[in-house]
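Have a look at the structure below, then the notes.
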Amino acid sequence: MHICIFEDEQYINFEPLIYSRPVYDLVCGMTTLKEKIIRAFPKEKVVLKSRKYLELFVKAENPKCIVNQFDNDDYLFINGRIIAPSNLKNILSVKSKEEKVFISKGQVVAAKISKKRIKDLLIDSVETIDIKLFSNLPSEEVDIEVANYLWDLVYLNSKEIQNDYKFYAKNKSSVKNKKYVGVSFVNKKNIFIGKDVEIKPGVVLDASTGPIFIEKNVTIFPNAVIQGPFYIGESSKIKSCATIYPNVSIGKVCKVGGEVEDTIIHSYTNKQHSGFLGHSYLGSWINIGADTNNSDLQNNYGTIKVQVNGKHIDSGKQFVVLMMGDHSKTAINTMFNTGTVVGFSSNVYGAGFPPKYISSYGWGGNESMKEYKISKAIETAKAVFARRDKNFQIEDEEMFETIFNLTQEDRSKRGY
């Protein structure tokens, strides 16, 4: 059976991260949502449904997958917002040619669609799929986790690090076969360390609360303390005296220091200085200035409200802090309130708490906000790429311009 991983109309609820990636390329645990789905279907042909302006990036990052093209065949469409369990293939088993939609707690998680219906509904020509198209199909209730907002991924991160660890650390040698002078290990059997990892004296790796998975070429500087569940991608660095509490995922080529808990950080992002970051979700190519701090609990211990897609959503959680899009930056001593959203390529600075919603290409803080000029944003991104020995291509520039145009109305409403 062929597989198609798609975005439905609720992808926009994951702003600002979804401006620069499909929803299925968001990270939870050690992998993206997409990787969890593909892991459950290792032999099937996979098609990725992508918004047009992201197509080139999706193709480049997924050479083994087909993007936005369908063969003349039946497909199992899988919602890119699901947190795929290891037995997903069995759950979505369709033994006959019958079309069927799979529902979990009122949400469409998958649908078996015939080649005729794919043509009739022009599914190959739309960017996102309206799940109402499947409403007249026979349905089956299943139990599959579905993320609705970014903070859902943060709250599922602990469980997913543990699930991913079981898969990726299986049958691999652990820390017991390696020697590190002056490093303290707690529950060694629950710690995996990749090749060419450097761990300095004074480091504490405590896996008593969950597994720790360290990819190759990682450096952990002296006196850092890390508690699992924890994941760090290749070539990243944990700075001296950092305190990393449970449920943290860090992508590749990041620098992280200070105090961090219950947070997901995508690749190429730096938060290497002192300051607290908790219950947050950061995109790629972000730089967090020294002593940037966030508040993750209201004084009245109430649930946190977050602005999403123009609406104020009650998260139902006591701890929700910062959702920050790619290429954004904070100045030293920046403070963030609970439930703050910072868009794509924004710069935040100044005394006091900045607004709890900052549009993409915002420039400023508590006293004033204005539009960040697209030419300046691209100029800065080129410099940041060069520091990582990467070339800022014409495709990158076009994506910046597309996101600038997509978010223009939002800035105008706010007087930027």
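The values are calculated or read from the model by the stated rules, or taken from the named source; none is laboratory data. In this text the structure is predicted, and so the values were computed from the model without any measurement. Neighbour counts run over all protein chains shown; Cβ positions are idealised from the backbone, glycine included. We work out accessible area using only protein heavy atoms, side chains counted, and drop any ligands, DNA or RNA first. Shrake-Rupley method; radii C 1.70, N 1.55, O 1.52, S 1.80 Å.
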Quiz item: For residue 375, are the conditions met, namely being open to solvent by 30 Å² or more (accessible area, probe 1.4 Å) and either under 21 Å from the mean Cα position of the chain (by Cα) or among the hydroxyl-bearing types (Ser, Thr, Tyr) (or both)?
Solution: yes
Practice problem: State which residue pairs qualify: first residue on the phi > 0 side of the Ramachandran plot and in contact (Cβ under 8 Å) with a residue 12 or more places away in the chain and inside the range 339-366, second residue outside any loop (DSSP other than H, G, I, E, B) and open to solvent by 40 Å² or more (accessible area, probe 1.4 Å) in any location, beta carbons under 6 Å apart, and separation of 6 or more residues or different chains. | Solution: 339/305; 361/371; 364/370
Exercise. Mind listing just one residue for me: the one in the range 337-359 that is outside any strand (DSSP E or B) and in contact with a Pro (Cβ under 6 Å, 6 or more places away or on another chain) and, of those, surrounded by the fewest Cβ atoms within 10 Å (Cβ to Cβ)?
Key: 343
Quiz item: Restricting attention to the range 190-204, and to residues there that are assigned to a loop (DSSP other than H, G, I, E, B) and open to solvent by less than 60 Å² (accessible area, probe 1.4 Å), which single residue is nearest to residue 221 (Cα to Cα)?
Solution: 200
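This table checks each residue for (1) touching a strand residue (DSSP E or B) at 6+ places or on another chain (Cβ under 6 Å); (2) modelled with pLDDT of 95 or more; (3) under 24 Å from residue 181 (Cβ atoms).
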{"site": "218", "(1), (2), (3)": "yes, yes, yes"}
{"site": "221", "(1), (2), (3)": "no, yes, yes"}
{"site": "230", "(1), (2), (3)": "yes, yes, yes"}
{"site": "235", "(1), (2), (3)": "no, yes, yes"}
{"site": "241", "(1), (2), (3)": "no, yes, yes"}
{"site": "246", "(1), (2), (3)": "yes, yes, no"}
{"site": "258", "(1), (2), (3)": "no, yes, no"}
{"site": "265", "(1), (2), (3)": "yes, yes, no"}
Self-check item: Any chance residue 319 is in contact with an Asp or Glu (Cβ under 6 Å, 6 or more places away or on another chain), open to solvent by less than 20 Å² (accessible area, probe 1.4 Å) and either part of a loop (DSSP other than H, G, I, E, B) or under 16 Å from residue 364 (Cβ atoms) (or both)
Solution: no
Quiz item: Quick one: residue 271 ticks every box in (1) at pLDDT 95 or above; (2) farther than 21 Å from residue 245 by Cβ bar one, so which box is it?
Solution: (2)
Quiz item: Under the condition of being under 17 Å from residue 30 (Cβ atoms) and open to solvent by less than 10 Å² (accessible area, probe 1.4 Å), which residue from the range 259-302 is farthest from the chain's Cα centre (by Cα)?
Solution: 260
Quiz prompt | Residues satisfying the stated conditions in the range 1-20, i.e. closer than 20 Å to residue 360 by Cβ, touching a strand residue (DSSP E or B) at 6+ places or on another chain (Cβ under 9 Å), buried (at least 23 other Cβ atoms within 10 Å of the Cβ) and not acidic (Asp, Glu) | solution = 14, 16, 17
Practice problem: Select from the range 136-163 the residues that are modelled with pLDDT of 95 or more and among the polar types (S, T, N, Q) and list them in ascending order. | Solution: 148, 157, 158, 162, 163
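Yes/no matrix, rows are residues, columns are (1) buried (at least 21 other Cβ atoms within 10 Å of the Cβ); (2) closer than 22 Å to residue 67 by Cβ; (3) touching a Leu at 6+ places or on another chain (Cβ under 8 Å):
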residue	(1), (2), (3)
104	no, no, no
108	yes, yes, no
115	no, yes, no
123	no, yes, yes
126	no, yes, no
138	no, no, no
159	no, no, no
172	no, no, no
Practice problem: State whether the residues of the range 166-187 include one that is in a strand (DSSP E or B), within 27 Å of the chain's Cα centre (by Cα) and within 20 Å of residue 245 (Cα to Cα). | Solution: no
Quiz prompt | Neighbours by Cβ (under 6 Å, 6+ apart or cross-chain): first from the range 214-227, aromatic (Phe, Trp, Tyr) and in a loop (DSSP other than H, G, I, E, B); second crowded, with 17+ Cβ neighbours inside 10 Å and modelled with pLDDT of 95 or more | solution = 221/200; 221/239
Exercise. State all residues of the range 378-416 that are of a type in the set (Ser, Thr, Tyr) and either touching a residue at least 12 places away in the same chain (Cβ under 8 Å) or surrounded by 12 or more Cβ atoms within 10 Å (Cβ to Cβ) (or both); if no residue qualifies, say none.
Key: 380, 402, 407, 416
Quiz item: Conditions: (1) of a type outside the set (D, E, K, R); (2) within 26 Å of residue 66 (Cα to Cα); (3) part of a helix (DSSP H, G or I). Residue 93 meets all but one. Number of the miss?
Solution: (3)
Quiz prompt | Of all residues in the range 228-247 being touching a residue at least 40 places away in the same chain (Cβ under 8 Å) and in a strand (DSSP E or B), the one that is nearest to residue 196 (Cα to Cα) | solution = 231
